[in-house]
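Contents: one structure, followed by commentary.
The values are calculated or read from the model by the stated rules, or taken from the named source; none is laboratory data. Just so you know, these numbers come straight off a predicted model, no measurement behind them. Methodologically, a virtual Cβ is constructed for each residue, glycine included, from the backbone with ideal geometry; neighbour enumeration extends over all protein chains shown. All accessible areas refer to the heavy atoms of the entire protein, side chains included, with ligands and DNA or RNA removed. Shrake-Rupley method; radii C 1.70, N 1.55, O 1.52, S 1.80 Å.
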Amino acid sequence: MEHSTLKRAHAIETEGLTKFYGTFEAVRGLTMRVPAGTITGFLGQNGAGKSSTIRMLLGMMKPTAGTGRVLDFDIAEERPSIEMRKRVAYVGEDKRLYDYMTVRQMIAFTKSFYPTWNDDVGKKLLDEFRLPLDRPTKKLSKGMRTQTALLLAFSRGAELLILDEPTEGLDPVMAEKLLELVVGAAADGATIFFSSHNVAEVEQIADRILLIDRGQLVLDTTLDLISQDFRRLRGVYDMPFPPGALAVDGVERVTVDGRVVSVLASHNSSAIAERMRAHQGGGTVEIIPLTLKEIVLESLRGEPHV
Amino acid sequence: MTLFLKPNPANGVPIYLQLKEQIMHACETGALKAGDSLPGIRVLAESLVINPNTVARVYRELEQEGVLELRHGIGAFVAATGRTTRWTAARTGQMQAAQKAAKEFVGELRRRRIEPDEIRRLVEAELSSGARQRFGRTGSGD
């Protein structure tokens, strides 16, 4: 690991983080943690509060209430936030480059600010992206702008990379390349916090996910636990299934559709299956693994009704 | 990298277990032999586009299980006295027998007019209902 800084438990921590736009609550008392050294996926629908949260973390916007720490810097204070941004790389939708500089100048300029700049990564990416070094950045195509922004962000040797929808608008080859960059940065010891709509890519590289809905955290778990423990159980019953019959630890949601009773379990699926089999008139109970996509969709369907 | 395939995140088996099983399998089939080196954590993570923490965890666990040896600063090697090396011959026989049993089992179910999809679900249900319960269960603790 290249970062020799003091080992801290969390790269990002928020407590009751809240943002109002007028009377609209974009972020509502968000308390979350991003453990250092992880690749954490930040999921949620459009308007769920992902970008507002990221903007507050970066000090680009003040919270209405609540607190947050990014690499031990208080996000509410202005000076620490500048220090903090030296150690945090951010790639958002707006790929901010200085239009009058060429790619070469842009790289040299950025490099001069960061003692942790990694020339190996920079050269490798320059080679792979085949960027025109002497072209002014304002004359770059959209794809090349993105590649330049990624090169700058990933070569900085940042401790924390915050990426807002990084693969949005990238073709599949570039999107996979980006995931590879994320994995490489994580191998260097960086923490990656990235928002995404694309559940499949989160499932591929993240170790943790945070799912927010209407400004609140609705799911905080690891991908390993999802594939190990989350299950859908389905049983067929001739008799009506009494409500409350499945008040068992791990049952997140019960849906009855005619004779089919479907249970979403976050853990404890064996015991739940036993209970379902024991129920009157119950026949076979199927236990089906769940994908992250299904869990996300279920979690966004509203409050559980057990 | 052709030795290992990209794990499939959606098949109900954690990526770390898929990778672990692939490495064990490579040792058992002789694709990897005692003393052979494994790719570095970074190289393997980048080529499979998976989390490096996952690769590190798999290497650590396989070291504890005596399959791999981790030499600090050099990398991971298939252990010379590892149990998978000793298993190879016996294990190959076992796997062949298991394959035969699976063939008979699937054939029997097909004769009973169980569709391939149904067979997959039945097997998956059996595997899901006990085998993976030994792991921790909540995600928020750290």
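What quantity of accessible surface, computed with a 1.4 Å probe and excluding non-protein components, is buried in total between chains A and B, in Å² to the nearest 100? Buried area (both sides, nearest 100 Å²): 2900 Å².
Of all beta bridges that DSSP places with both ends in region A:10-223, some 55 percent have antiparallel geometry. Volume per residue for the protein assembly as shown equals 175 cubic angstrom (convex hull of Cα atoms).
Structural descriptor for chain A: relative contact order 19 percent, calculated from alpha carbon pairs under 8 angstrom and at least 6 residues apart.
Rounded to the nearest 0.05, the FRET efficiency derived from the C-beta distance between A:K123 and A:L297 at R0 = 45 Å is 0.60. Restriction of the trypsin sites (Lys or Arg not before Pro) in region A:104-192 to DSSP coil positions whose beta-carbon has at most 10 other beta-carbons within 10 angstrom yields A:R130. The calculated FRET efficiency for the pair A:E168 and B:R121, based on their C-beta separation and a Förster distance of 56 Å, comes to about 0.95. Per residue of the protein assembly as shown, the DSSP helices (runs of n ≥ 4 H) give a summed -39500 (n - 2.57) that works out to -12500 deg cm²/dmol at 222 nm.
With N denoting the number of residues in region A:10-223, provide Rg(C-alpha) divided by 2.2 N^0.38 Å, to two decimal places.
Numbers: Rg = 16.9 Å, N = 214, 2.2 N^0.38 = 16.9 Å.
Ratio of Rg to 2.2 N^0.38 Å for region A:10-223: 1.00.
The aspartates and glutamates whose alpha-carbon is closer than 13 Å to the alpha-carbon of A:K62, local same-chain residues fewer than 8 away aside, are A:D74, A:E77, A:E78. For A:L219, A:L297, the ranking by accessible surface with the largest value first comes to A:L297, A:L219, using a 1.4 Å probe. Here the accessible area is traced with a 1.4 Å probe on the protein chains. For chain A, carbon and sulfur cover 52 percent of it.
Given a cut-off of 21 Å, name the pairs among A:K50/A:K138; A:K86/A:K111; A:K50/A:K293; A:K123/A:K177; A:K19/A:K50 whose C-alpha atoms lie farther apart than that in the structure shown. Let's see the in-between values first.
Working: A:K50/A:K138 29 Å; A:K86/A:K111 12 Å; A:K50/A:K293 18 Å; A:K123/A:K177 15 Å; A:K19/A:K50 11 Å.
Beyond 21 Å: A:K50/A:K138.
Per residue of peptide A:92-102, the mean number of Cβ atoms on other chains within 10 Å of the residue Cβ is 0.
Provide a whole-number value for the mean count of partner chain Cβ atoms within 10 Å of the Cβ atoms in peptide A:194-203.
Numbers: counts 0, 0, 0, 0, 0, 2, 2, 2, 1, 4.
Across the residues of A:194-203, the mean count of other-chain Cβ atoms within 10 Å is 1.
Write down the accessible area per residue of region A:10-223 in Å², having rolled a 1.4 Å probe over the full set of protein chains. The partial results should precede the final answer.
On the way: 9160 Å² over 214 residues.
That works out to 43 Å² for each residue.
Anyone know which of A:V173, A:V199, A:V91 comes out most mobile in the 10 Å Cα GNM of chain A? The residue with the greatest mean-square fluctuation here is A:V173.
Report, as an integer, the average count of C-beta atoms from other chains found within 10 Å of each Cβ along A:216-228. Write out the running numbers ahead of the final one.
Details: counts 0, 1, 0, 2, 3, 3, 6, 7, 10, 7, 4, 11, 13.
The mean count of partner-chain Cβ atoms within 10 Å per residue comes to 5.
For chain A, a Gaussian network of Cα nodes joined below 10 Å ranks A:V236, A:V251, A:V34 by mean-square fluctuation, and the top entry is A:V236.
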